[in-house]
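Structure first, commentary second.
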Amino acid sequence: MEKTLLIIKPDGVQRGLVGEILGRIEKKGFKISAMKLEKISKEKAGIHYAEHAGKGFYSELLEFITSSPSVLAVIEGKNVIDGVRKMAGKTNPLESDLGTIRGDFAVAVSHNVVHTSDGPESSKREIENFFSNEEIQTHILCT
Ligand code: CMP
């Protein structure tokens, strides 16, 4: 079954949005297959955001994502990569529809509450950066 990486970023954790966000994901019918609270290291952040190295906002992005704990979760389900991306909304919260996580809970692109994988290749790579195979549980899925 398809998997994606969801990060509830430091702003989402500090603002107490973890339950709200995970509740939406679960109510949609997706399953949490792995989850942990972790202060992301500079090394893992650099791997995760390698495609943004050299961009103007890169150092701010790394500073922010490593500033305090994030919730890291592997989410599983049918078409989960696109499904969770739709639930997250556009990267810029001010362009995100109301009803999406970013549209409802954020105003700044730098503090946009969640990260979600954008395709099958990035999902595999991002999950491997944060989770070992042993940490990922198997569900009997009944959506
Ligand atoms: P995310 O989905 O985690 O992927 C890369 C992140 O870079 C993105 O969400 C934004 O939070 C962040 N980002 C993108 N553009 C900017 C920007 N102009 N300024 C600051 N952060 C940005």
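Looking at Glu60, Glu51, Glu43 in this structure, which one is charged (D, E, K, R) and either touching a residue at least 12 places away in the same chain (Cβ under 8 Å) or touching a strand residue (DSSP E or B) at 6+ places or on another chain (Cβ under 6 Å) (or both)?
Values: Glu51 fails: either touching a residue at least 12 places away in the same chain (Cβ under 8 Å) or touching a strand residue (DSSP E or B) at 6+ places or on another chain (Cβ under 6 Å) (or both); Glu43 fails: either touching a residue at least 12 places away in the same chain (Cβ under 8 Å) or touching a strand residue (DSSP E or B) at 6+ places or on another chain (Cβ under 6 Å) (or both).
After ruling out the rest, the residue left standing is Glu60.
Listed here are the residues, each with its yes/no results for (1) more than 12 Å from the ligand (Cβ to nearest atom); (2) free of Cβ contacts under 8 Å to residues at least 40 places away in the same chain; (3) not in a strand (DSSP E or B).
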| residue | (1), (2), (3) |
| --- | --- |
| Met87 | yes, no, yes |
| Thr91 | no, yes, yes |
| Asp104 | yes, yes, yes |
| Asp118 | no, yes, yes |
| Glu121 | yes, yes, yes |
| Arg125 | yes, yes, yes |
| Asn129 | yes, no, yes |
| Glu134 | yes, yes, yes |
| Gln137 | yes, no, yes |
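I'm trying to understand the selection: among the residues of region 67-84, which are surrounded by fewer than 18 Cβ atoms within 10 Å (Cβ to Cβ) and on the phi < 0 side of the Ramachandran plot?
To start, the set of residues in region 67-84 that are surrounded by fewer than 18 Cβ atoms within 10 Å (Cβ to Cβ) comprises 67-69, 78-79, 82.
Within region 67-84, Ser67, Ser68, Pro69, Lys78, Asp82 qualify.
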- Item | Residue count, region 96-137 (criterion: charged (D, E, K, R), buried (at least 20 other Cβ atoms within 10 Å of the Cβ) and closer than 10 Å to Thr4 by Cα) | 1
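If I ask for residues that are within 14 Å of the ligand (Cβ to nearest atom) and touching a residue at least 12 places away in the same chain (Cβ under 8 Å), which ones from region 63-72 would you list?
Phe64, Ile65, Thr66, Ser67, Ser70, Val71, Leu72
Any read-out appearing in this document is the output of simple, stated calculations on the displayed coordinates, not a laboratory observation. These figures come from a predicted structure and were not determined experimentally. With ideal geometry, Cβ positions are generated from the backbone for all residues, glycine too; neighbour counts draw on all protein chains shown.
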